[in-house]
Amino acid sequence: MPDSVETPTLVLVRDLIFATKISSTAKQLEVSVRMLADPSKLQPLDGRMLIVDLNLAGAIEAAAAWRVGAGEAGTRAVIGFLWHVDDE
């Protein structure tokens, strides 16, 4: 059964190239995603997973608050990524 009938995976990313790659992969896998570019819009949204661009200003704090907002610990997964040029 496709994931599209369930709660979407949230994607917090501003970079158009990353957003396009994530969207096209999700479409191939029949996974519903909701794209966001503004960390302040994340908190009220429901989802079971978040993919977040850690280079986006305010994203780490927004992701932490979103995960805690779930109530039960461990019910929300967060996957973060950095740009390939950040080697430190």
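The values are calculated or read from the model by the stated rules, or taken from the named source; none is laboratory data. Since the structure is predicted, the reported quantities are computational estimates derived from the model, not experimental observations. FYI the Cβ positions are ideal-geometry reconstructions off the backbone, even for glycines, and counts take in every protein chain you see. Heavy atoms of the whole protein, side chains included, go into the accessibility calculation; ligands, DNA and RNA do not. Shrake-Rupley method; radii C 1.70, N 1.55, O 1.52, S 1.80 Å.
Close Cβ contacts (under 8 Å, 6 or more residues apart or on different chains) running from residues in segment 24-38 that are farther than 17 Å from ALA59 by Cα to residues that are open to solvent by 70 Å² or more (accessible area, probe 1.4 Å) and among the aliphatic types (A, V, I, L, M) comprise SER32/VAL5. Take the conditions (1) modelled with pLDDT of 90 or more; (2) outside any helix (DSSP H, G or I); THR25 misses just one of them, which is (2).
Can you find a residue in segment 60-72 that is more than 13 Å from the chain's Cα centre (by Cα), part of a loop (DSSP other than H, G, I, E, B) and either at pLDDT 90 or above or surrounded by 18 or more Cβ atoms within 10 Å (Cβ to Cβ) (or both)? There is no residue in segment 60-72 that is more than 13 Å from the chain's Cα centre (by Cα), part of a loop (DSSP other than H, G, I, E, B) and either at pLDDT 90 or above or surrounded by 18 or more Cβ atoms within 10 Å (Cβ to Cβ) (or both). Only one of the numbered conditions (1) open to solvent by 50 Å² or more (accessible area, probe 1.4 Å); (2) assigned to a helix (DSSP H, G or I); (3) more than 17 Å from LEU82 (Cβ to Cβ); (4) in contact (Cβ under 8 Å) with a residue 24 or more places away in the chain is violated by PHE18, and that is (3).
Taking segment 28-39 as the range and being outside any loop (DSSP other than H, G, I, E, B) and hydrophobic (A, V, I, L, M, F, W, C) as the test, the residues that pass are VAL33, MET35, LEU36.
A count restricted to segment 39-49 and to residues that are under 13 Å from ALA63 (Cβ atoms) and open to solvent by 90 Å² or more (accessible area, probe 1.4 Å) stands at 1.
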